[in-house]
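**Student:** Sending over a structure as structure tokens; questions will come in a sec.
The values are calculated or read from the model by the stated rules, or taken from the named source; none is laboratory data. Quantities reported herein were computed from a predicted structural model and do not represent experimental measurements. When we count neighbours, we look across all protein chains shown, and the Cβ atoms used for this are built from the backbone with ideal geometry, even at glycine. We work out accessible area using only protein heavy atoms, side chains counted, and drop any ligands, DNA or RNA first. Shrake-Rupley method; radii C 1.70, N 1.55, O 1.52, S 1.80 Å.
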Amino acid sequence: MLEAHPGLPEFDYIKPKTLAEASRFLADHAGEARPLSGGTDIFVRMRDGVWKDKYLVDIKGLDGTDEIVYDPSKGLTIGAAVAMNRVSAHPDVKKHYAALADAVDKVASYQLRNRATIVGNICNASPAGDTIGACLLLGGALDVHGVDGARTEPLASFFEGPGSTALKPGDVVTSLRLPLPPKGLVGRYYKLGRNKSSDLSIIGVTVVGFPDKRAASGYRIKLALASVAPTPLVVAQVEEILAAKPVTEQTIAEAAQAAMDACTPIDDVRASARYRKMMARNLSQKALTEIWNQLGR
Amino acid sequence: MTTTVVHERIPEPIGESKPRLDNRKKVTGAATYADDMQFGSGLLYARILHSPHPHALIKSINISRAKALPGVKAVVTGEDFPGFIGLYLQDRHIFCRDRVRYVGDPVAGVAATSEEIAVKAVNLIEVEYEVLEPVVNPEFGASPDAPLVHPQLSEYKVVPFILPQAGTNISNLFKVRKGDVGAAWEKCAAIVERKYRIPHIQHVPIEPHVAIAQVDETGEVTLWGSSQSPFAQRNLIAQALGISQSDMRVVAPYVGGGFGSKAGVSMEALAVAIATKVRGRPVKLRLTREEEFYTAFVRQELISYFKMGCDKNGKILAMENRFYWGGGAYTEYGVNVTRAAGYSSTGPYEVPNVKTDSYCVYTNHPVGGPMRGFGMPEMHTGLEQCIDDLAHEIGIDPVEIRRRNCIREGSILVTGSKMHPTGLPQCIEETAKAIQWGQKASPSAPNKRRGKGTAIMWKAPAMPPNAGSSAWVELAEDGTVTVGLGGQDLGQGTFTVCAQMAAAALGVPYESVRIATPVDTRFSPYEWQTVASRLTWSMGNAVVSAAQDARRQILDLVSEAWGEDPEDLDIRNGVVVSYKSEQEIPLKDMVIYGLPKPNDSGWMGGPIRGRGKFMPTYVTSLDPETGQGERAVVHYTTGSQSVELEVDLDTGQVEILRGASSFDVGKAINPEMVKAQMEGGFVQGLSSALFEEMKMVDGYMQNPSFVDYRIATTTDAPSDLQSVIVEVPQDDGPWGARGIGEHSMVATAAAIANAIFDAVGIRMEGPPFSAEKIYLAMLDAGIVE
Amino acid sequence: MAYHKITLTINGEPEQVDVPSNMTLLKMLRERLGKTGTKNGCAAGECGACTVMVNGEPVNSCMILAVECDGSEIVTVEGLSDHGSLAPIQEAIMESGGVQCGFCTPGILIASQALLNRNPNPSEAEIREALVGNLCRCTGYVRIIEAVQAAAQMV
Ligand SMILES: Cc1cc2nc3c(=O)[nH]c(=O)nc-3n(C[C@H](O)[C@H](O)[C@H](O)COP(=O)(O)OP(=O)(O)OC[C@H]3O[C@@H](n4cnc5c(N)ncnc54)[C@H](O)[C@@H]3O)c2cc1C
Ligand code: FES
Ligand code: FES
């Protein structure tokens, strides 16, 4: 039974001046220190007594973490400390990465999105993370600063299980990078919660698509699901089906069925596995149809 | 139509939508709620050790390690407080003594110099339990096979109209036997039988419970708290501690929402009990949101069985209803929900043959208490779906069957009494009109289905027959008026309405009336509780009578001074005027210092203070075997609600497109505030219909936080909400007024269920009608694949 | 636990406070600075009663540490009015009847003011979206939304 603490338990707030200092501190205190970004996951878990860290290491303000930059030749870089509202308000994000902007706007509430970050959403690695699907489908990679210096972690191989990632003690993600979008990219995020908005997702469906001459159908359409598997799930079969065969109502239905078959949801307090599976199909179908329409069916 | 009591001219500002008295304080952050009060550095913080088991015997408690922790000032357990507490049935100790009965039951309490230390101390208390089998289903709980939750039930003190069944888990049984149900079934052309299950929900005031208690050296207790019931708390806590009510003072600042959760006594007694061990120091206990969900009152769950039949014209001939109320671990307050459901068990229909058994059953769930509607939403949610099904069965339009059967003036009610004038038939027409009943609009998209639904309701104030109110009215040197009262403004606006009534009855401008707040049992006049939607009517009557008393004193004085007949005098706009001599004197020139006698022969009069009280005197008892009696209740407020909605076939999600409410409030003293109650109640009802449920597994609540106990947000509430006021006056209400606060959510869930049925043809056992539940039901019904 | 000396402005007034690491902005406002207009309804980022503006943007003050606000400008409900003259949103919500128990009101006012600051003419849907993190159990939201619309007309 949940016996939440009335306030936050004791910890020390650490504000390192450099990335190197942050990484060193986190590595020296492995298991009892945690990078702090917006804190919207951290404070909840700590008050619930699930996380018992002795140190929170604030990464906001460290090199490169506070900027969001769109470079027409390279793509988008979102600093780890950039709050979600700044991302979705960015004109280039709306224009070039619609799926991400859409997903961000469906997280929690406006107030919370002034604190919550996309990198925090990714590092928290909850299967329900709303923005992760878009980042995956858009080919995102994380810039990570660790005790051994900087490296890049592609998101495709980042998630290991619920709450578990490729990050090691001492690692600080400094930014998320999304490559330049393919020409004609469209995207959408469908989220089903118990309320119309602001709830955690029972299921989330991210779809992106663009014209692709190399695909037999002429289109490349990709789909990712939230809250249906231990990690955010990219359903490769959807892309394959809709690339190989002409995009029609039938192939979309086939792809949606593949999405349903690919997921392995659980029963929890929010929904049953059975309902989630069916919603994976129905919402995939909806989202794919809309993307197809946007691509100019 | 019903006859209308003709009242004399309605004075200003009755019927005017005056702004709230407390508006400015509330929009500037200046309004002080209990948690905002400052108690200085001597303040101690309390935390409670709760039972981790739904049902267990306490074998031993070791508090020595907790006591030894620096900063801990007191550790208390049930050992320290032998007294019983309870409103109708004293079945509860302040802290558990030998047995815990729900997850969250208070086992021990700590006071320490900081909340952090108190938390640590609580974790140092060691308790050994012997775990017992829990009762988690009220229907099973009522059976002889169930383990007993309260083996000592027969020894508890109880009010005469509550009937515990010794040797069982049934803490009240209310029976109705009217006419001959058995014989009636044969005459029916259609009969439907249904079962419904209504889960526990919680009130979810946005302000969690807070109580601060201090006991001084002489043993006098002061309690500051977010409270609907300062006087009931004074009475019940004093009894439990064995002290005089006069030594127990309760002060009630602004309340951040109650909905019943802050009525009676719940966590307040814990703070007081702990404070008795640290004399002189204030002790503050504040529930976390999580604790608010399962350690304060919750709404009873209900398993209900309905059987009803009608003749070929749709005239209802008989009803046979069985209710198993899951009252939770203690039913000290909830027992009366069972009774209210019994004497209202036909819903707002005239039914000649009735058999009802309404059981209050102990379970090892959180404590059932009063919640907006007091059993009526739970009961009507089933009953009003069943009426729809009956209508479909006999082939009559659902609104029409309600027209044909609803109570009217003179109808013989379920308890045998006669219905007073009521505007229910008009309410039915109003909501039908508002949503264009009978016209089917096409859905907004091909994957949606649209439906409309209506449900009607009645509800009486559920309270002891002799629940009383009192008030005083004083005038200051400048002629402004202060009204003393003991009821609480929970947001419903009772202070504003009482100020309007005092202004009208006295003859002063609304702007010159103040309410003496915060309510403080040491200085405020007695009021039973702020519950039952009874304040406008009961406290209103007391305020009016106090204002009239002051008025009489004023006019007597002036008539003597001017040598005129008081009948020729009036008070208008704060000035005494004579219609005969056309003399005038402002109140400020006489209400404190009186008036000089003629010829400099001295003075007469003196400070004016009017007194008033009200208590219904006509409620009779009911026969324990038949539930029949002369007058079961003071009155019924009636009304109707209709909705139009869409169901999404892809997800099962429901969108409420519009809602309409119409209630007969007798007289709307403040029409906009009445409408605000209708809107707020509608959305709370909508929320309970679509989202809310305390998910209980083996006695453990699975969702005690806003993360997983969802309530309606801005995007769930419809923008088209119509509220229509109907006014058929109450003979003993101030200007005809009766209550509206709770009624506004009684029929909502049923109306929504009926609209879902209209849209997609499915029925579910009970709310919440979540997207998942609807989708799976559509799947079972073959509506979707 | 470490303490931190922070300086910040609250409703335009500079303040210096010594805060422990784990103290939220909400707790500091209420328990250190006597700014009790900001309410605690859940301490979990869900109800919005604690909403204040930090550097012009609304946040849940229960979800931010006081120490993180070093150097920030904070506006609470007490700072919405200017020497007794109320902001249009305050006038509008009184007028519309959007206040009942009033416990959600401070958070609603701040979130609404922030919305009007970034979008002086919001649609009804935008208002509902902007206030989705502010739970109100009393009003059914109707009059709150009317108030924001009316306030937009006033400015
Ligand atoms: C009321 C409420 C509603 C919510 N609703 C949603 C919702 O609808 N959808 C949703 O997806 N989520 C939701 N969340 C969860 C949360 O807001 C998101 O996951 C958010 O994106 C987390 O970002 P943050 O910056 O606050 O992360 P933090 O809480 O700061 O951190 C989260 C985790 O990531 C790690 N981390 C953060 N930054 C870094 C970094 N730079 N390098 C390495 N590790 C890092 C932290 O150590 C921690 O383990 C909700 C939370 C709350 C409180
Ligand atoms: S108290 Fe901060 S969101 Fe509820
Ligand atoms: S007015 Fe009571 S919660 Fe909004």
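**Student:** Does any residue in region A:88-107 that is charged (D, E, K, R) come within less than 7 Å, Cβ to Cβ, of a residue that is assigned to a loop (DSSP other than H, G, I, E, B) six or more places away or on a different chain, and which pairs are these?
**Tutor:** A:106/A:130; A:106/A:197
**Student:** Which strands (runs of 3 or more DSSP E) sit wholly inside region B:148-217 and have at least 3 residues that are open to solvent by 10 Å² or more (accessible area, probe 1.4 Å) and touching a strand residue (DSSP E or B) at 6+ places or on another chain (Cβ under 6 Å)?
**Tutor:** Ranges flagged: B:170-178, B:190-198.
Residues checked against (1) surrounded by fewer than 24 Cβ atoms within 10 Å (Cβ to Cβ); (2) outside the structural domain of residue C:139 (by TED's automatic domain parsing):
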{"site": "C:20", "(1), (2)": "yes, yes"}
{"site": "C:44", "(1), (2)": "yes, yes"}
{"site": "C:52", "(1), (2)": "no, yes"}
{"site": "C:92", "(1), (2)": "no, no"}
{"site": "C:97", "(1), (2)": "no, no"}
{"site": "C:106", "(1), (2)": "no, no"}
{"site": "C:115", "(1), (2)": "yes, no"}
{"site": "C:125", "(1), (2)": "yes, no"}
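**Student:** Need the failing condition index for residue B:719 against (1) among the small types (Gly, Ala, Ser); (2) crowded, with 23+ Cβ neighbours inside 10 Å; (3) over 24 Å from residue B:461 (Cβ atoms), just the number.
**Tutor:** It is condition (2) that residue B:719 fails.
**Student:** Can you tell me which residues in region A:107-141 are more than 16 Å from ligand 2 (Cβ to nearest atom) and out of contact with any Ser or Thr (no Cβ under 7 Å at 6 or more places or on another chain)?
**Tutor:** Hits for region A:107-141 are A:122, A:124, A:126, A:129, A:131, A:132, A:135, A:136, A:138, A:139, A:140.
Here's the yes/no breakdown for (1) crowded, with 21+ Cβ neighbours inside 10 Å; (2) aromatic (Phe, Trp, Tyr); (3) in contact (Cβ under 8 Å) with a residue 24 or more places away in the chain; (4) within 14 Å of chain C (Cβ to nearest Cβ):
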position	(1), (2), (3), (4)
B:41	no, no, no, yes
B:46	yes, no, yes, no
B:65	no, no, yes, no
B:69	no, no, yes, no
B:72	yes, no, yes, no
B:87	yes, no, yes, no
B:100	yes, no, yes, no
B:107	yes, no, yes, no
B:112	yes, no, yes, no
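**Student:** Still on this structure, please answer the following. Looking at residue C:34, is it away from ligand 3 (no atom under 16 Å from the Cβ), more than 13 Å from the chain's Cα centre (by Cα), part of a loop (DSSP other than H, G, I, E, B) and more than 12 Å from chain B (Cβ to nearest Cβ)?
**Tutor:** Against the criterion (away from ligand 3 (no atom under 16 Å from the Cβ), more than 13 Å from the chain's Cα centre (by Cα), part of a loop (DSSP other than H, G, I, E, B) and more than 12 Å from chain B (Cβ to nearest Cβ)), residue C:34 does not qualify.
**Student:** Considering only residues that are within 12 Å of ligand 1 (Cβ to nearest atom), more than 13 Å from the chain's Cα centre (by Cα) and more than 18 Å from residue C:119 (Cα to Cα), which ones fall in region A:86-111?
**Tutor:** A:108
**Student:** A further question on this structure: Step by step: first the residues of region C:88-105, then only those that are facing chain B (nearest Cβ under 9 Å) and touching a Leu at 6+ places or on another chain (Cβ under 9 Å), then the one that is nearest to residue C:48 (Cα to Cα). Which residue is that?
**Tutor:** Filtering region C:88-105 for residues that are facing chain B (nearest Cβ under 9 Å) and touching a Leu at 6+ places or on another chain (Cβ under 9 Å), the one nearest to residue C:48 (Cα to Cα) comes out as C:104.
Let's see how each residue does on (1) under 30 Å from residue B:698 (Cβ atoms); (2) surrounded by fewer than 18 Cβ atoms within 10 Å (Cβ to Cβ); (3) not aromatic (Phe, Trp, Tyr):
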| position | (1), (2), (3) |
| --- | --- |
| B:371 | yes, no, yes |
| B:395 | no, yes, yes |
| B:398 | no, no, yes |
| B:404 | no, yes, yes |
| B:425 | no, no, yes |
| B:452 | no, no, yes |
| B:461 | no, no, yes |
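**Student:** Restricting to helices (runs of 4 or more DSSP H) lying wholly in region C:74-155: which have 1 or more residues that are within 16 Å of ligand 3 (Cβ to nearest atom), within 11 Å of the chain's Cα centre (by Cα) and closer than 18 Å to residue B:256 by Cα?
**Tutor:** Passing ranges, in order: C:105-118.
**Student:** Given the criterion open to solvent by less than 10 Å² (accessible area, probe 1.4 Å) and more than 14 Å from every other protein chain (Cβ to nearest Cβ), identify the matching residue among B:313, B:336.
**Tutor:** Only one candidate passes the filter, namely B:336.
**Student:** Sticking with this one: What do you reckon, is residue A:98 of a type outside the set (Asp, Glu) and within 16 Å of ligand 2 (Cβ to nearest atom)?
**Tutor:** Considered against the rule, which asks whether it is of a type outside the set (Asp, Glu) and within 16 Å of ligand 2 (Cβ to nearest atom), residue A:98 comes out as no.
**Student:** Same structure, new question: Checking the structure you have, find out if any residue of region B:676-694 is part of a strand (DSSP E or B) and among the polar types (S, T, N, Q).
**Tutor:** No, region B:676-694 contains no residue that is part of a strand (DSSP E or B) and among the polar types (S, T, N, Q).
**Student:** Select from region A:9-48 the residues that are open to solvent by 30 Å² or more (accessible area, probe 1.4 Å) and among the aromatic types (Phe, Trp, Tyr) and list them in ascending order.
**Tutor:** A:25 - this is the single residue of region A:9-48 that is open to solvent by 30 Å² or more (accessible area, probe 1.4 Å) and among the aromatic types (Phe, Trp, Tyr).
**Student:** Can we say residue C:75 is open to solvent by 20 Å² or more (accessible area, probe 1.4 Å), touching a helix residue (DSSP H, G or I) at 6+ places or on another chain (Cβ under 9 Å), more than 8 Å from every other protein chain (Cβ to nearest Cβ) and modelled with pLDDT of 95 or more?
**Tutor:** Considered against the rule, which asks whether it is open to solvent by 20 Å² or more (accessible area, probe 1.4 Å), touching a helix residue (DSSP H, G or I) at 6+ places or on another chain (Cβ under 9 Å), more than 8 Å from every other protein chain (Cβ to nearest Cβ) and modelled with pLDDT of 95 or more, residue C:75 comes out as yes.
**Student:** Just to be sure, is residue A:93 crowded, with 18+ Cβ neighbours inside 10 Å, at pLDDT 95 or above and closer than 28 Å to residue C:42 by Cα?
**Tutor:** So residue A:93 does not fit the description; no.
**Student:** Where residues in region A:96-114 are small (Gly, Ala, Ser) and open to solvent by less than 30 Å² (accessible area, probe 1.4 Å), which of them is farthest from residue C:44 (Cα to Cα)?
**Tutor:** Residue satisfying both the conditions and the ranking: A:99.
**Student:** With B:690, B:686, B:721 as the choices, which residue is facing chain C (nearest Cβ under 9 Å) and either more than 19 Å from residue C:97 (Cα to Cα) or modelled with pLDDT under 95 (or both)?
**Tutor:** Residue meeting the stated conditions: B:686.
**Student:** Within region C:54-69, does at least one residue satisfy the condition of being more than 16 Å from ligand 1 (Cβ to nearest atom), within 13 Å of chain B (Cβ to nearest Cβ) and hydrophobic (A, V, I, L, M, F, W, C)?
**Tutor:** no
**Student:** Please give the number of the condition residue B:204 fails out of (1) without any contact (Cβ under 8 Å) to a residue 60 or more places away in the chain; (2) within 16 Å of ligand 1 (Cβ to nearest atom).
**Tutor:** Failing condition for residue B:204: (1).
**Student:** With the requirement that a residue be facing another protein chain (nearest Cβ under 9 Å), among the hydroxyl-bearing types (Ser, Thr, Tyr) and touching a residue at least 60 places away in the same chain (Cβ under 8 Å), what does region A:108-117 give you?
**Tutor:** Passing the criteria: only A:109.
Conditions tested, residue by residue: (1) open to solvent by less than 10 Å² (accessible area, probe 1.4 Å); (2) touching a residue at least 12 places away in the same chain (Cβ under 8 Å); (3) closer than 30 Å to residue B:613 by Cα.
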| site | (1), (2), (3) |
| --- | --- |
| B:669 | yes, yes, yes |
| B:684 | yes, yes, no |
| B:692 | yes, yes, no |
| B:713 | yes, no, no |
| B:731 | no, yes, yes |
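**Student:** Those residues that are surrounded by 24 or more Cβ atoms within 10 Å (Cβ to Cβ) and assigned to a loop (DSSP other than H, G, I, E, B), I need them from region A:115-126; list them, please.
**Tutor:** If the condition is that a residue be surrounded by 24 or more Cβ atoms within 10 Å (Cβ to Cβ) and assigned to a loop (DSSP other than H, G, I, E, B), then A:115, A:116 are the ones that fit.
**Student:** List every residue pair whose Cβ atoms lie under 6 Å apart, where the two residues are 6 or more positions apart in sequence or sit on different chains, the first residue falls within region C:36-58 and is farther than 18 Å from residue C:114 by Cα, and the second residue, located anywhere, is outside any loop (DSSP other than H, G, I, E, B) and within 12 Å of ligand 1 (Cβ to nearest atom).
**Tutor:** From residues that are farther than 18 Å from residue C:114 by Cα, the pairs are C:42/B:289; C:43/C:62; C:44/A:44.
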